[in-house]
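Structure first, then comments.
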Amino acid sequence: MTINPKLKTIDCKPSIKIAAISDIHSNVFALEAVLADIDDRDVQQVVNLGDILYGPIAPKQTYELLMNYQACQSKPIITIRGNQDRQIYEATKDEIASNQTMSFIYDSLPLAAIDWLRSLPFDYRLNQQIYLCHGSPIDDMMYLLEEVSSGTPSVREDSDIIERLAGQRAEVIVCGHTHIPRTVTLSTGQIIVNTGSVGYPAYEDELPTSHKMQTYSTHASYAIIEGIETSTGLCWQVEQLKVPYDYQAAACLASNNGREDWAFALRTGRVMPTS
């Protein structure tokens, strides 16, 4: 294809550029690589959509890295909570004792980290155009984009996604929770961006029905969202980024902490087969 040299380019300039991360799940190795990548991309704001410290890898080190990184930034990371952040600070003594991973997390984390999780908001309106949530605007455990009744994810019908927005009308809605990187444009003109997971590329769950979420990749995922002013108005550019990191180190810690299922997922991007 040839391009007509007489065609004029659209006059445009950057308006806002954010880096959106989610679902770190205590994977300090993946987080360190993602934050280094973000530092090279001249973003104005970093946002974190939750599920931060739950996992059998390195919850204390993940918390410390986030706090140290935030202390060096001109703007603090905007952070909301995920369902497994709630699971940590809502855990009873019996739940901690019966859950090996939760017991490991409580043994690892300082009280300040648990208090920090408890202080995080459910959602956040970044500005007039951008809204942040973990799962959906009404439920941190709801899959906003994916239907999983077949056991594997497929994108919901346009009307089903709009219904799950529950009246949220922001131009760009950024979510996580499913660990599947995805960008969907609705009939309303709204854009839904799922950042994927920084630290846990595949999992299996029994709710709302038995299903597997798999990226088939060992990379850490996050998204860059940029609003650009043009002569016709604000347009949105979305980059879904996949960052390499030392996943073997993360898998080794997961295995050492009794979670071979996590170790397999980290090494393959797939759910571990059942025997």
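Values in this text are rule-based calculations from the coordinates and carry no lab data. Computed from a predicted structure; not experimentally measured. Using ideal geometry, Cβ is built from the backbone for each residue, glycine included, and neighbour counts are taken over all protein chains shown.
Okay, here's what the table says:
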| item | result |
| --- | --- |
| Karplus-derived HN-Hα couplings along region 112-128 (A = 6.51, B = -1.76, C = 1.60, θ = phi - 60°), whole Hz, x at Gly and Pro | 4, 5, 5, 5, 5, 4, 5, 7, 6, x, 5, 8, 7, 9, 5, 7, 5 |
| Prolate/oblate/rounded call for the chain, Cα gyration tensor, a/c under 1.5 rounded | prolate |
| R0 of 35 Å, Cβ-Cβ distance Ser15-Thr188: FRET efficiency to nearest 0.05 | 0.95 |
| Equivalent-ellipsoid semi-axes of region 26-80, from the Cα gyration tensor, Å, largest first | 19, 12, 10 |
| Segment Ser150-Thr230, extension gain: residue separation times 0.36 nm, minus the distance between their alpha carbons | 24.6 nm |
| Highest-MSF residue in the chain out of Tyr89, Tyr63, Tyr54 [GNM, Cα springs under 10 Å] | Tyr89 |
| Candidates Leu144, Leu111, Leu241: whichever shows maximal mean-square fluctuation once the chain is modelled as a Gaussian network with Cα springs under 10 Å | Leu111 |
| Global geometry of region 65-121, whether rounded, prolate or oblate, following the gyration tensor of its Cα atoms and the 1.5 cut on a/c | prolate |
| Cα shape, region 137-264, gyration tensor, a/c 1.5 rule | oblate |
| Tilt relative to the chain, helix 28-39 - C-alpha long axis, 0 to 90 degrees, to 10 | 20 |
| Interchain or long-range residues, amide H under 5 Å from Ile16's placed H | Gly227 |
| Residue among Gly227, Gly176, Gly50 with the largest mean-square fluctuation in a Gaussian network model of the chain, springs linking Cα atoms under 10 Å | Gly227 |
| Region 208-275 and region 127-141: distance between their alpha carbon centers, rounded to Å | 20 |
| At R0 = 30 Å, FRET efficiency that the Cβ-Cβ distance of Met141 and Glu239 yields, to 0.05 | 0.65 |
| Rounded to 5, the percent of DSSP beta bridges in region 60-219 classed as antiparallel | 65 |
| Stretch gain in nm, segment Asn68-Asp39, where the contour uses 0.36 nm per residue and the Cα spacing is subtracted | 9.0 nm |
| In degrees, nearest ten, helix 247-256 long axis to first principal axis of the chain (Cα) | 30 |
| Two-site label geometry, Tyr89 and Ile77: point separation in nm, points 7 Å out along Cα→Cβ | 1.6 |
| Per-residue Cβ neighbour rank within 10 angstrom, fewest leading, Ser74, Ser108, Ser210 | Ser74, Ser210, Ser108 |
| Lysine pairs meeting the criterion (Cα under 29 Å, 8 or more apart or interchain), as found in the chain | 11 |
